[in-house]
Amino acid sequence: MKTIVILTILLTVGCILAAGCVAQTKKDPVNGNVSITPTNTFAPFVNATTVPGSNATINATNVTNKSVLKGPLRVSISGYPAALDVIIDNKNSGKVTREKSLDLMLDEGIHNVSVCVGDICEKETVSIVFAKKSFVDFGDRLKKDIEFPVPTARILEYYKNGNGVKVNVEFINPSTKDLSMSTEISIGYSYIDDRSGTRKGESSRSSITDIVSAGSRHKYSVDLFFVDGAAYNFDPPLVGETTFR
């Protein structure tokens, strides 16, 4: 009887030990299809720039480059007889002539546009908008304010004066320096010769020179005399080539 009890106890202990071995936790094998994400142990690189003379630091990752929008501008002078520089915001941007306008592309915003003849300038402020064409025409203002863009001599008036014609001439100097200006005034006329009693043709001419200050005008009178005769008829006087230096 005692032997049976002892055997029973030994069998029970053996089963318990066997069950304990089976119940041990087993580690699952790593599945080859499962991706393992590594832990990032490095801090991201930031390109930092220190502004000279200050404690502020600008990170390159925070700077955004923005393209500036532009709009078209056409500058013209409506047949004004000159080739003029076009100044945009105090910068020479090209030339405009009576035959050809100047086309430009400018940044959006307000711009100052001007053209000058000597010391006299015509100015305009324009607003440039993307994809919208703007126009500036200085022609009428130039013709009104600066009638002559280059040094010129012109006849103001003339009239019969005894045995000849008095001609009032105006020298015009629109340049930025004093000039010595010269020209020739001539007139054609006809008369009846005292001896033959026939009508003859003749001309009279005179050269004049004057010093004209920069940006100014100077009037000058000249007398054109006729030869002896009678019944004078004369044409309007003419201005020859004007030279200056």
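Just so you know, all these numbers are worked out from the coordinates, no wet-lab data involved. Remember, predicted model here, so these are calculated numbers, not experimental data. Ideal geometry is used to build each Cβ from the backbone, glycine not excepted, and the neighbour counts take in all protein chains shown.
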Could you pull out every residue, at least 5 positions away or on a different chain, whose amide H is within less than 5 Å of the one on V117? Hs are placed 1.01 Å off N in the peptide plane, and Pro or chain starts have none.
E122
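What is the dipole size for the range 152-244, taken about its Cα centre, with +1 at each Lys and Arg Cβ and -1 at each Asp and Glu Cβ, in debye to the nearest 20? Walk me through the intermediate numbers first.
On the way: 10 positive and 12 negative charges, 28 e Å.
The calculation lands at about 140 debye.
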Any idea how far apart T198 and D89 come out in nm if each label point goes 7 Å out from Cα toward Cβ?
7.6 nm
Taking one equal scatterer on every alpha-carbon of the range 121-241, how large is log10 of I(q)/I(0) by Debye at q = 0.16, 0.18, 0.20 1/Å?
-0.83, -0.93, -1.04
Each residue of the range 165-171 in order: what ³J(HN,Hα) in whole Hz does its phi give by Karplus 6.51 cos²θ - 1.76 cosθ + 1.60, θ = phi - 60°, with x for Gly and Pro?
9, 9, 10, 9, 10, 10, 8
Based on other C-beta atoms within 10 Å, arrange V150, V222, V115 from fewest to most.
V150, V222, V115
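May I ask which of K123/K219; K91/K219; K95/K132; K70/K144 have a Cα-Cα span longer than 26 Å here?
Going by Cα-Cα distance, K123/K219; K91/K219; K70/K144 fall outside the 26 Å limit.
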